[in-house]
Amino acid sequence: MIESELTNRRDPRPRIRMTRADRREQLIGVARELFGTRGYDAVSIEEIAAAAQVSKPVVYEHFGGKEGLYQVIVDREVTSLSEMLASQMIPGQHPREMLERILLSLLDYIDESPDGFRLLSHQSPTAVSGGTFTTVIADVAEQVTEMLAPVMEELGQDPQTAPIYGQLLAGAIGRIGQWWVEVQAPDKGTVAAHVTNLLWLGLRSMERDPHLVTVPNPDGEEWGGTPN
């Protein structure tokens, strides 16, 4: 009777022997999915260990704790996304082509790694040191700014204002990604085409000397004119 009860309590799933490297990768994969779907704070070491069918000490042995494991995952995702986006920012290419390539590259990454993107874009800042999704977008903004400046000069715009538009474009691209990872519709090509339609045509049609028309001027009177 006792032997039968002990048998019933045993986990029927077979134990898988892994090398140390394989076990580390397994833990990273399990934790990446849990963190990506539920967030850092909602996931415990116990849950990670249970999902990987190991004891808690195994997780501590490999990563020192939840923060260490999370940091490894974030670093990998930041590197992967940064490399994908950087590969599309080729010197000398037309700015519209660059914008389209960046958008499609980000959407490809989200399509292939939705958990990784969620983890990056909704990560716990207190648990991470080093690169974050914000730093990735900041790098994109810097690259876009460098490419925009000469184009703006050709269009008769002040190239000194390129950082404003670089930050705006990069922020819009990041926000589109955060929206699309949840809805996954419409398809990537359609999303990229519509975003490019707004951002690129907006750049092409900018006023050379923009000014506000709906706020008081320093004398307390409203600016004249009607918004276009």
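The values are calculated or read from the model by the stated rules, or taken from the named source; none is laboratory data. Predicted, not measured: the structure shown is a model, and the values here were computed from it. Quick reminder, even Gly has a Cβ in these numbers, built from the backbone with ideal geometry, and neighbours come from all protein chains shown. The protein model used for the area step is the full one, side chains on, heavy atoms only, and it has no ligands, DNA or RNA in it. Shrake-Rupley method; radii C 1.70, N 1.55, O 1.52, S 1.80 Å.
If only residues of region 159-184 that are free of Cβ contacts under 8 Å to residues at least 24 places away in the same chain and open to solvent by less than 50 Å² (accessible area, probe 1.4 Å) are counted, the one that is nearest to Leu106 (Cα to Cα) is Ala162. Checking each residue in region 102-115 for being of a type outside the set (A, V, I, L, M, F, W, C) and touching a helix residue (DSSP H, G or I) at 6+ places or on another chain (Cβ under 9 Å) picks out Ser105, Asp108, Tyr109, Asp111, Ser113, Pro114, Asp115. What pairs can you find where one residue is in region 126-155 and crowded, with 19+ Cβ neighbours inside 10 Å, the other is at pLDDT below 85 and not hydrophobic (A, V, I, L, M, F, W, C), and their Cβ atoms are less than 6 Å apart, with a gap of 6+ or different chains? From residues that are crowded, with 19+ Cβ neighbours inside 10 Å, the pairs are Phe133/Ser121; Met147/Pro95.
If you take the residues of region 37-68 that are among the β-branched types (Val, Ile, Thr) and assigned to a helix (DSSP H, G or I), which of them is farthest from Gln178 (Cα to Cα)?
Filtering region 37-68 for residues among the β-branched types (Val, Ile, Thr) gives 37, 43, 45, 48, 54, 58-59.
Those still in the list that are assigned to a helix (DSSP H, G or I) too: 37, 45, 48, 58-59.
Details: Thr37: 14, Ile45: 27, Ile48: 25, Val58: 34, Val59: 30 Å.
If we take residues in region 37-68 being among the β-branched types (Val, Ile, Thr) and assigned to a helix (DSSP H, G or I), then Val58 is farthest from Gln178 (Cα to Cα).
Residue check: Asp219 meets all listed conditions (1) acidic (Asp, Glu); (2) at pLDDT below 85; (3) part of a helix (DSSP H, G or I) but one, namely (3). Among all positions in region 58-77, there is at least one residue which is surrounded by 17 or more Cβ atoms within 10 Å (Cβ to Cβ), under 12 Å from the mean Cα position of the chain (by Cα) and under 25 Å from Gly39 (Cβ atoms). Inspect all residues belonging to region 108-119 and state whether any of them is open to solvent by 50 Å² or more (accessible area, probe 1.4 Å), hydroxyl-bearing (Ser, Thr, Tyr) and either on the phi < 0 side of the Ramachandran plot or modelled with pLDDT of 85 or more (or both). Within region 108-119, none of the residues are open to solvent by 50 Å² or more (accessible area, probe 1.4 Å), hydroxyl-bearing (Ser, Thr, Tyr) and either on the phi < 0 side of the Ramachandran plot or modelled with pLDDT of 85 or more (or both).
Pick out the one residue from Ala149, Ala162, Ala138, Ala170 that is in a helix (DSSP H, G or I), more than 16 Å from the chain's Cα centre (by Cα) and within 24 Å of Leu81 (Cβ to Cβ).
Details: Ala149 fails: within 24 Å of Leu81 (Cβ to Cβ); Ala138 fails: more than 16 Å from the chain's Cα centre (by Cα); Ala170 fails: more than 16 Å from the chain's Cα centre (by Cα).
When all the criteria are applied, what remains is Ala162.
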